[in-house]
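Have a look at the structure below before the remarks.
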Amino acid sequence: MRKKFTPSFRVQAVEKVFNRAEGVTVKDVAKSLGVGHSTLDKWIILARTHELEAVSEDELTNLNDMINEKRPQDWSLEERLDMVIRCASLDEQKVSELCREQGLFPHHIKQWKQAFANGTTPNAKTKASTDAKALKNENKALKKELNRKDKALAETAALLVLQKKVNSIWGNDEDDSQ
């Protein structure tokens, strides 16, 4: 039986996706809401094309604003550095105002500043994780190949043992021809 979701639920679900924390996947949000992952993906696509049913104009406006906003993790390194530089000479209140305009929180700026100071960037982490993933895949493929070869070797050994038993019971064909 198909579930029928109200338009306001759909809008709220998409809002939850756009406001999710870093590291939380769309699949996690779908699971927490009790909605199918593909269903939630369809709603997101509809929201981006402005075809998602909305209960009120205010909800639709809020949703459109969220769709057009970038999440902090979507900012490029150049944009992050530019924002850190812009905030460097501002006091706390001005930083908060600028962050609100950009859809950020002041703690994002602090994190980015710390990351630049330490020399750790998201791209470095991504490269390391990509390398680790490639090594895992290679390791998995090698294990699979080794397992296949072990099975083939075991089968060959079993056939040789059986051939010796057959020869000892029935004798060699070579012995009969002499």
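The values are calculated or read from the model by the stated rules, or taken from the named source; none is laboratory data. As the structure is a prediction and not an experimental result, all values here were calculated from the model. Because the Cβ atoms are built from the backbone with ideal geometry, glycine has one as well, and the counts that use them run over all protein chains shown.
Being surrounded by 15 or more Cβ atoms within 10 Å (Cβ to Cβ), within 24 Å of PHE105 (Cβ to Cβ) and not aliphatic (A, V, I, L, M) is the filter here; which residues of region 19-47 pass it?
Hit for region 19-47 is ARG20, nothing else.
Looking only at residues in region 76-104 that are free of Cβ contacts under 8 Å to residues at least 12 places away in the same chain and part of a loop (DSSP other than H, G, I, E, B), which one is surrounded by the most Cβ atoms within 10 Å (Cβ to Cβ)?
Ranking the candidates gives LEU90 first.
Out of ALA154, ALA128, ALA134, ALA117, report the one residue that is modelled with pLDDT under 85, of a type in the set (A, V, I, L, M) and not in a loop (DSSP other than H, G, I, E, B).
Testing whether each residue is modelled with pLDDT under 85, of a type in the set (A, V, I, L, M) and not in a loop (DSSP other than H, G, I, E, B) leaves just ALA128.
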